[in-house]
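Structure record follows, encoded as structure tokens.
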Amino acid sequence: MNYLHHIGAYFLMLREVFKKPQKWKVFWEMLFREIDDLGLKSLGITAFISFFVGGVVSIQTALSVESPFIPKYLIGFATMRSVVLEFAPTFISIILAGKVGSFITSSIGTMRVTEQIDALEIMGINSINYLVLPKVIAALFFYPILLAIAMFLGILGGWVAGLITELFFTEDYLFGVQLDFNPYIIKYSFIKLVVFAFVIVTIPAYHGHKVEGGALEVGRASTKAVVWTSVVIILLNYFLTQMLLG
Amino acid sequence: MLEVKDIYKSFGDFPVLKGISTFFEKGKTSMVIGQSGSGKTVLVKCMLGLFEPDSGIISYDNRIFKDLDENERREIRQEIGMVFQGSALYDSLTVEENVMFPLKMFTNKTRAEMIDRANVVLNRVNLVDKNHLFPSELSGGMKKRVAIARAIVMNPKYLFCDEPNSGLDPKTSIVIDNLIKEITQEFDIITVINSHDMNSVMEIGDKIVFLKNGIKAWEGSKDNIFETDNEAIVDFVYSSNLYKKIKQAHLKGL
Ligand SMILES: Nc1ncnc2c1ncn2[C@@H]1O[C@H](COP(=O)(O)OP(=O)(O)OP(=O)(O)O)[C@@H](O)[C@H]1O
Ligand SMILES: [Mg+2]
């Protein structure tokens, strides 16, 4: 019952989010700020994680295909596949759910408990539209760029790991990466990411906007938002995988 | 005139307002007073439409708030200035940007015009050379001034102030009180102030509405608050020793 109430309230919020901005000039200003806050500031962590995850995947694959009957280029092939299909979109989204999600909930939640949201509403401003729409657009625009970077660095990380550990040769790896290349898996990955980006912004925004109380409640709401965002991403990941690949 | 008729508001099973009726006039500083928790903030938020009253009517110069659609409500809201209990300045904007914000949102002024207007109101509240500071860099009194400047930047017809001098020292309180009173007279607007500070009440209370246990227990002006023998208000006013002494002096004709 309670869950249904929240789901309903969440969709009602989305209806407000997608109204036309009251003032375009203000919207553009907000958008650029959000691209910086939600996007550019996540570049470092995304790059760092992708690179090392790519390295780990290639080392693990290399160690599990020690048999002389399995060609070494499979390492490149497997790394490319797992990075593009799963690690880049899902891993990055979970990380962003933590980083960006808690930022969104706590910033909107703080505005709520310090009456800044009331101050917006009093002026006749639709606070949800004003605060959330630029964040949604920023994420939908910028997170695909992050994904492309993550894919590239993941595969690069796998190769560098090979160079360092000498578990496989560069030629084999690069051959494997390009083997049986199917553009659909890239598309699939971007579709997933766009859905996740939407969730990463809107669920924390919902939790932030409905906070009641003080600083403690803002903290609680942030934790809750991160948990729910991650759960929803994992579930959606399952269904999307089944729908798009099954 | 701003009218409130028979407002009821509960949270769950807990009634906060139990049938409040009163009215507020132009050019006068009206004050809603009462103990902490008596429902002052809830009443003001009902008037502003931030809370939907369970029943009752709020009417802004004969425009009945609950009968208006969302667009008409927005129009009224653009005629309202509000100073929140905690100032509610936007953390991410500077003083100047905070004050300019309503202009940016609702007018087509150029940036230079907006800055000019912001400087006019910032001067009006005696806050100069602070334009580029962020709210976190201001003292409580300065924040209140910025909040007042932001509230009046659009030339409102209605000004609401929720405890404008909470957390301020007595001297600064008086300055802020007088500022609000002057602005009210200067622009001939309807001003409603929430307060539990008897000093402000005696300083600027043209009309006083006293709330207790969710009802209006007394109504009058600062001039007849000493004459009344209404127990509730007497009890409230003289909970401070200073005022006991003032009343004794008053009765002795001093
Ligand atoms: N959003 C809310 N949900 C539930 N109860 C609330 C809410 N807002 C206020 N109340 C309750 O309404 C009552 C009146 O609160 P209100 O904030 O109006 O008091 P106040 O007179 O403004 O007090 P103060 O002088 O301390 O600001 C309190 O008992 C409070 O617990
Ligand atoms: Mg209050």
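Just so it is clear, none of the values below were taken in a lab; they were calculated from the coordinates. Remember, it's a predicted structure, so these values are computed and weren't measured experimentally. Please note: Cβ atoms are built from the backbone with ideal geometry, for glycine as well, and neighbour counts cover all protein chains shown.
Tally Lys and Arg at +1 and Asp and Glu at -1 over the other residues with C-beta under 13 Å from the C-beta of B:Asp162: what net charge comes out?
Value of the local net charge: -1.
Restricting to DSSP H runs of at least four residues, report the calculated mean residue ellipticity at 222 nm for chain A, -39500 (n - 2.57) per run over all residues, nearest 500 deg cm²/dmol.
Calculated mean residue ellipticity at 222 nm is -27000 deg cm²/dmol.
Between the range B:6-41 and the range A:142-171, what is the C-alpha centre distance in whole Å?
After rounding, the separation between the Cα centres reads 65 Å.
Which log10 I(q)/I(0) values, to two decimals, does the range B:33-87 give at q = 0.23 Å⁻¹ under the Debye formula with one point per Cα?
-1.00
Sequence-distant or interchain residues sharing an amide H contact under 5 Å with B:Ser21, placed H: which?
B:Asp6, B:Ile7, B:Lys216
Could you let me know the centre-to-centre spacing of the range A:64-93 and the range A:35-55, using Cα atoms, in angstrom?
20 Å
Let me see the pair-distance distribution of the protein assembly as shown: every alpha carbon pair, 20 Å bin width, integer percents in order.
So the P(r) values, bin by bin, are 20, 42, 24, 11, 3, 0.
Ignoring everything except DSSP H segments at least 4 long, calculate the 222 nm mean residue ellipticity for chain B; use -39,500 (n - 2.57) per segment, divide by total residues, nearest 500.
When only DSSP H runs of four or more count, the value is -11500 deg cm²/dmol.
Mind checking which of A:Ile95, A:Phe190, A:Asn126 is farthest towards the positive end of the range A:82-202's charge dipole, using Cβ charges of +1 (Lys, Arg) and -1 (Asp, Glu) about the Cα centre?
It is A:Asn126.
Which of B:Asn199, B:Asn71, B:Asn155 moves most in a GNM of chain B, Cα contacts under 10 Å?
Evaluated over chain B, the most mobile residue of the options is B:Asn71.
Looking at the square roots a ≥ b ≥ c of the eigenvalues of the Cα gyration tensor of the range B:16-159, which shape do they give, rounded for a/c under 1.5, prolate if a/b is larger than b/c, or oblate?
Taking the square roots of the gyration eigenvalues as a ≥ b ≥ c, the range B:16-159 is prolate.
What is the mean number of Cβ atoms from other protein chains located within 10 Å of the Cβ atom of each residue in peptide A:105-118, rounded to a whole number?
3
Within a Cβ distance under 12 Å of B:Glu137, other residues only, what is the Lys/Arg minus Asp/Glu net charge?
+1
Counting only other chains, what is the mean number of Cβ atoms within 10 angstrom of the Cβ of each residue in peptide B:82-92?
Mean partner-chain Cβ count within 10 Å for B:82-92: 5.
In sequence order, what are the phi-derived ³J(HN,Hα) couplings for the range A:63-80 according to the Karplus relation 6.51 cos²θ - 1.76 cosθ + 1.60 with θ = phi - 60°, rounded to whole Hz, with x for glycine and proline?
Those phi angles translate into 6, 8, 10, 5, 4, x, 7, 9, x, 5, 5, 4, 4, x, 4, 5, 4, 4 Hz.
Give me log10 I(q)/I(0) at q = 0.09, 0.10, 0.16, 0.18 Å⁻¹ for chain A, Debye formula, one equal scatterer per alpha-carbon, no solvent.
Each listed q maps to, in turn, -0.46, -0.55, -1.08, -1.27.
Where does the charge balance sit around B:Ser221 when Lys and Arg score +1, Asp and Glu -1, over other residues with C-beta under 12 Å from its C-beta?
Result for the neighbourhood of B:Ser221: -2.
So if I average 1/r over every pair of distinct C-alpha atoms in the range A:95-186 and take the inverse, what Kirkwood radius in Å does that give?
One decimal place: 17.1 Å for the Kirkwood radius.
Would you please give the residues with an amide H less than 5 Å from that of B:Cys161, counting only those at least 5 places away or on a separate chain, with H modeled from the backbone geometry?
For B:Cys161, the qualifying residues are B:Val83, B:Val192, B:Ile193, B:Asn194.
If you average the alpha carbon positions of the range B:101-172 and of the range A:194-246, how far apart do those two centres end up, in angstrom?
Using only Cα atoms, the two centres lie 37 Å from each other.
Per-residue HN-Hα couplings for the range A:231-239, Karplus 6.51 cos²θ - 1.76 cosθ + 1.60 at θ = phi - 60°, whole Hz, x for Gly and Pro?
Whole-Hz 3J(HN,Hα) from phi for the range A:231-239: 4, 5, 4, 4, 5, 4, 4, 4, 5.
Among rounded, prolate and oblate, which fits the range A:34-122 when a ≥ b ≥ c are the square roots of the eigenvalues of its C-alpha gyration tensor, a/c under 1.5 means rounded, and a/b larger than b/c means prolate?
Verdict is prolate for the range A:34-122.
Once you mark the GluC sites (Glu not before Pro) that are in a DSSP loop and have at most 12 other Cβ atoms within 10 Å, what is the longest gap between them in chain A?
With a cap of 12 other Cβ atoms within 10 Å, the longest stretch comes to A:67-165.
If you bin every alpha carbon distance in the range B:87-245 into 10 Å steps from zero, what whole percent lands in each bin?
With a bin width of 10 Å, the distribution comes to 10, 36, 30, 16, 7, 1.
B:Thr29's amide H: which non-local residues (gap 5+, or another chain) put their own amide H closer than 5 Å, with H modeled 1.01 Å from N in plane and none for Pro or chain starts?
Close amide H contacts, sequence-distant or interchain: B:Asp206, B:Lys207.
I need the shape label for the range B:191-243. Rule: rounded when a/c is under 1.5, else prolate if a/b > b/c, else oblate, with a, b, c from the alpha carbon gyration tensor.
Since a/c stays below 1.5, the shape of the range B:191-243 is classed as rounded.
In bins 5 Å wide, starting from 0, what share of all Cα pairs of the range A:138-246 does each bin hold, as a percent?
Per 5 Å bin, starting at 0, the Cα pair percentages come out as 2, 10, 14, 15, 15, 13, 11, 8, 5, 3, 2, 1.
To the nearest 20 debye, what charge dipole does chain A have about its Cα centre, counting +1 at the Cβ of each Lys and Arg and -1 at the Cβ of each Asp and Glu?
That gives a dipole near 620 debye.
Mind listing which chymotrypsin sites (Phe, Trp or Tyr not before Pro) in the range A:173-246 are in a DSSP loop and have 13 or fewer other Cβ atoms within 10 Å?
A:Phe181
Given an 8 Å cut-off on Cα distances and at least 6 residues of separation, report the relative contact order of the range B:118-240 as a percent.
For the range B:118-240, the relative contact order is 17 percent.
List, in order, the whole-Hz ³J(HN,Hα) value for each residue of the range A:19-30 obtained from phi through the Karplus relation with A = 6.51, B = -1.76, C = 1.60 and θ = phi - 60°; use x for Gly and Pro.
Residue by residue, the range A:19-30 yields 7, 5, x, 5, 9, 4, 4, 5, 4, 4, 4, 4 Hz.
When the dipole is taken about the Cα centre of the protein assembly as shown, and only Lys, Arg (+1) and Asp, Glu (-1) are charged at their Cβ, what size is it in debye, to the nearest 20?
180 debye
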